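The values are calculated or read from the model by the stated rules, or taken from the named source; none is laboratory data. Nothing here was measured: the structure is a model prediction, and the numbers come from that model. Virtual Cβ from ideal backbone geometry, glycine too; neighbours counted across all protein chains shown. Calculation scope for accessible area: heavy atoms of the full protein, side chains included, ligands and nucleic acids excluded. Shrake-Rupley method; radii C 1.70, N 1.55, O 1.52, S 1.80 Å.
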Amino acid sequence: MQKGFYLDLTRCTSCYACVVACKAHHAIQEETVYWRRVLTLEGGAYPNVRVANLSLSCLHCAIPACRVVCPTKAIYKRREDGLVLVDPNFCIGCKMCLMVCPFGVPQFGRNGKMQKCNFCLDRLENGLNPACISICPARALHAGSIDELSLLAARKSARQLIRSTDPSFFI
Amino acid sequence: MPILKTFCSICNPHSHCGINARVENGRLIEVEGMLEHPANEGTLCVKGAASLQYVYAKNRLKYPMIQRGERGSKNWERISWEEALSVIASRLIEIRDQYGPESVIFFAGYPKWFRPFLQRLAHGFGSPNYATESSVCSSSPTVAGKLTYGYFGRPDLPKTRCLLNWSSNPFYTNSTLTRSLLDLREKGVKFISVDPRLSSFAEKADLHLQLRPGTDGALALGMIRVLIEEKLYDRDFVEKWTLGFDELVDYIEEHPLEWAEKMTGVQKEKIREAARLYGMTKPAALMTSASSTTHHLNGFQNHRAILLLPGLTGNFDIPGGNWVEPITYLYTTSGAPTNEEKIRLVKTLKELPPRIGEDRFPIWCRYYTPEAHSMAIPFQIKSGKPYPLKAFIGFGLNYRMWPGSDFFKESLLSLDFLVNTDLFFTDTCQWMDLVLPAATSFERTELKHWNSKYLMLTSPVINPVEKSRSDLEIIFDMARHLGLENLFWNGNVDAAIDELMAPSNYTAEELRKCPEGTYVRNPLKSGYKKYEKSGFPTPSGKMEITSTILREAGFDALPIYREPRHSSLSKDPSNYPLILNTGSRLPMFIHSEMHNVPWCEELRKDPLLDMNPSDASERDIGPDDWVWLETPRGKIRVKANLTETVLPGVVHMAHGLQEPDVNLLIEPDYLDPISGFPGFKSLRCQVTKVD
């Protein structure tokens with residue numbers, strides 16, 4: 001079953017805990033790459049202003065554009081859970097994936113190879129949620145199978161994000 | 001890999017999160033929230049998430065060091081603990097012999113848990129001058145509550161049906177409350193937010209009153225007018241339990257809602273709606289910030305006006321209202337009584353000379369815990385009156401906390417002897433004669449009480465980094481060098497904890513047996529409406545709408561609204577048309593902390609000035625342009641962050657940065673006459689583009 005994320009927009013507070021949890025768990029040096037980001041979007045003008053707090057990482061799309069264009073097949077999709085992963089041994093750093101990703105996910109660190117959210121594979125193996133999920137003080141961010149997420153999301157009238165790549169992301 | 005239990009104590013004592021620490025070969029490898037801990041339930045905030053870089057920060061102080069030659073010469077020499085403490089003791093005794101013990105100031109910044117012991121050291125040494133950062137934090141609201149009710153209570157969140165949040169963003173200041181607040185909202189509890197910014201909390205509220213900074217008193221009085229006009233107040237309570245209601249009615253009759261609208265900038269319909277929602281939903285609770293309402297020249301009275309709301313609506317000391325629970329240790333209500341007072345005070349105030357600030361802020365000094373007032377320190381250093389000050393022993397001192405930070409620094413540098421204990425080699429440390437390296441919560445033993453009726457006594461999960469030591473051990477050892485070891489359990493920390501916890505029958509040994517912490521057994525039960533038994537602990541025995549104490553001291557007895565000295569309504573053709581609000585909390589920093597932690601620092605790298613796009617376009621300022629932020633006292637170079645979440649006409653600058661330091665722009669004596677609190681949030685400024 002495809003795995004993915006659900007961000008409950010009614011709960012996210014733009015607190016950045018997920019961003020740093022991700023960096024700390026994957027030992028990502030500062031001022032290099034972000035596997036997860038928080039965006040605070042504003043709409044309207046005073047006094048009618050709306051704000052959306054968005055925590056975003058790779059959305060592990062069902063039809064990942066990055067995989068389609070990857071010339072060396074470094075990007076692959078796991079059969080058992082649909083996670084989109086990258087094998088650095090094959091990546092040549094051509095950045096084609098970055099050009100086609102609708103969400104600007106692919107990151108390139110000092111070694112020039114693509115890297116991004118891997119759903120905390122090491123934690124997954126131990127039956128744990130990704131670090132960003134476990135830390136979330138708002139319990140706004142959820143991970144799980146598409147079926148579980150769609151049930152959770154339905155309670156808040158959230159739905160799966162519709163894009164050509166079919167992201168595994170409810171919002 | 002073993003998982004060891006500890007907690008994070010980076011932020012304030014109402015939060016603090018249980019931690020699972022993974023340690024390998026004596027080194028901290030990873031931290032996670034402790035699932036079984038009632039405060040954080042497995043979660044952490046952004047600061048706690050960065051613990052690894054915090055503990056192993058590049059600028060950790062590693063050794064005791066003495067500055068040879070001039071202050072600021074960077075001529076540091078590493079010395080042993082024994083030598084450092086001997087130097088400190090001999091200098092302090094010399095100064096005591098020559099100028100008296102009161103000439104030595106003992107100061108505590110963050111963290112807070114060792115404070116009672118530092119006060120004990122000060123008093124044991126003979127100095128009344130134990131001061132803390134609370135002189136700009138929670139103490140003004142505390143005193144405002146004492147004068148009005150004799151005590152005050154936090155919002156009883158689990159049972160409330162309406163939460164009036166007055167200028168706090170708990171998502172960023174007390175992240176452990178985040179889940180329960182969001183759950184309340186999902187249950188249909190109404191949220192009202194009073195905040196000059198559309199904060200992440202305000203954005204989730206049913207009603208947001210976006211007021212002009214500093215006009216909180218006018219807004220509260222406007223709401224009170226509606227409550228009285230529409231008879232939404234608790235008449236029985238008012239008749240039986242309040243003093244000065246008639247004076248309040250007279251005042252609000254002269255101040256129609258149009259006045260409140262003009263002062264606050266909040267439409268009168270919205271004020272009415274908020275008053276109705278708060279007045280008609282039962283029970284309703286009031287949440288206030290530790291300091292944002294009191295960082296104004298009229299802040300103390302503004303806060304008192306806000307505090308009238310729970311009493312008038314019958315929400316004081318009831319379930320789901322503002323429930324008064326006894327404080328057990330360091331501002332928290334764990335239900336486990338302690339000997340905190342006994343440990344703090346080894347001498348009565350009568351046995352000691354007057355504290356710094358007693359002459360200028362007598363009410364604050366009399367009704368807060370017996371501390372000296374930090375804001376008065378630089379003035380007494382300068383004047384030498386009523387007695388000279390000669391030495392400053394800091395624990396977590398940051399001179400940039402003071403308004404007119406350059407003035408404070410200059411005052412500090414005129415003292416004979418300066419010591420600071422800190423985790424990091426901050427720029428304040430660079431001006432000291434001697435610095436002592438402290439240890440983080442991961443490297444020390446710490447006793448912690450939580451409001452959720454939970455206790456932890458930790459053991460170190462890693463050895464202290466280099467030669468750093470627990471603040472508590474440093475205090476105990478300093479006491480030994482000063483010949484005060486008999487006051488400090490002869491150096492035995494566990495014996496001190498035994499004495500502290502004796503009233504609730506816990507021993508250090510017992511607490512250490514549950515490293516993950518324990519729920520307090522038989523926590524103190526607080527009833528409701530405790531005033532019905534013995535009245536309110538105020539001079540009149542009532543809730544004092546008109547304060548007897550303020551009246552006797554010559555201040556307004558009624559919490560009336562006054563514009564600040566630098567009012568944006570004043571008619572003078574000023575060059576400073578914008579209101580400057582400083583010190584709003586950001587999630588990744590707490591005051592000056594975490595700016596040295598790269599994972600946090602990179603989230604807000606530039607010194608950002610939040611301003612409304614309409615103010616920016618008037619000044620030809622575009623997104624991310626560098627600008628000058630200027631007040632009559634000076635200017636700093638910052639970067640424009642254009643956002644519609646702030647009011648047109650109001651700009652917001654974060655505090656706590658080493659460079660640029662916004663506190664340079666504030667006059668050192670821009671202080672509330674009652675509380676001594678700086679007007680950090682009611683300033684005037686101009687913003688211009690950097691050419």
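For this structure, a couple of remarks:
- Prolate/oblate/rounded call for chain B, Cα gyration tensor, a/c under 1.5 rounded: rounded
- Degrees between helix B:299-312 axis and first principal axis of chain B (Cα, 0 to 90, nearest 10): 60 degrees
- Over the range B:153-323, relative contact order from alpha-carbon pairs under 8 Å, at least 6 apart, %: 36 percent
- Sites A:T10 and A:V100, calculated FRET efficiency, Cβ-Cβ separation with R0 30 Å, nearest 0.05: 0.45
- Estimated from the Cβ-Cβ distance and a Förster radius of 30 angstrom, the FRET efficiency linking A:I162 and A:Y76 is about 0.80.
- Across the range B:385-497, the mean sequence separation of Cα contacts (distance under 8 Å, 6 or more residues apart), normalised by length, yields a relative contact order of 17 percent.
- Chain pair B, A: total accessible area buried, heavy atoms, 1.4 Å probe, Å²: 3000 Å²
- Cα shape, the range A:1-98, gyration tensor, a/c 1.5 rule: prolate
- Two-decimal log10 I(q)/I(0) for the range B:600-685, as the Debye equation yields it once each C-alpha is a single scatterer, q = 0.19, 0.21, 0.25 Å⁻¹: -0.89, -1.05, -1.31
- Peptide B:28-34 has a mean shielding of 3, counted as Cβ atoms of other protein chains within 10 Å of each residue's Cβ.
- DSSP assigns beta bridges within the range B:525-650; of those with both partners inside it, close to 60 percent run antiparallel.
- The range B:497-625: C-alpha gyration tensor shape, a/c 1.5 cut-off, then a/b vs b/c: oblate
- Antiparallel DSSP beta bridges within the protein assembly as shown, percent to nearest 5: 60 percent
- Per-residue ellipticity at 222 nm, computed for the protein assembly as shown from helices alone with -39500 (n - 2.57) per DSSP H run of at least four residues, works out to -7500 deg cm²/dmol.
- Among beta bridges identified by DSSP and lying wholly in chain B, the antiparallel ones come to about 50 percent.
- Computed on the Cα atoms alone, the convex hull of chain A gives a volume of 130 cubic angstrom per residue.
- Exceeding the 30 Å Cα-Cα cut-off - candidates B:K146/B:K190; A:K23/B:K190; B:K62/B:K342; B:K409/B:K639; B:K347/B:K448: A:K23/B:K190; B:K62/B:K342
- Restriction of the chymotrypsin sites (Phe, Trp or Tyr not before Pro) in the range B:4-86 to DSSP coil positions whose beta-carbon has at most 15 other beta-carbons within 10 angstrom yields B:Y56.
- Summing charges over neighbours of A:A153, with a neighbour being any other residue whose Cβ is under 9 Å away from its Cβ, gives +2 when K and R count +1 and D and E count -1.
- In the range B:123-208, trypsin sites (Lys or Arg not before Pro) in a DSSP loop with at most 16 other beta-carbon atoms within 10 Å: B:R161
- Only aspartates and glutamates eight or more places from A:K77 in sequence, or on another chain, were considered; those with a Cα closer than 18 Å are A:D87, A:D122, A:E125, A:D166.
- Modelled this way, with points 7 Å down the Cα-to-C-beta line, the labels at B:R78 and B:R235 are 7.7 nm from one another.
- Unpaired cysteine residues in chain A (no second Cys Cβ under 4.7 Å): A:C12, A:C15, A:C22, A:C61, A:C70, A:C91, A:C94, A:C101, A:C120, A:C136.
- 0 to 90° range, to nearest 10: angle between helix B:268-280 axis and chain B longest Cα axis: 70 degrees
- DSSP loop trypsin sites (Lys or Arg not before Pro) with at most 10 other Cβ within 10 Å excluded, longest remaining stretch of chain A: A:1-72
- Helix B:115-125 vs. chain B, principal-axis angle (Cα, 0 to 90°, nearest 10): 60 degrees
- In the protein assembly as shown, one over the average inverse separation of all distinct C-alpha pairs is 28.5 Å, which is the Kirkwood hydrodynamic radius.
- Take each residue in B:37-47, count the other chain C-beta atoms within 10 Å of its C-beta, and the mean is 4.
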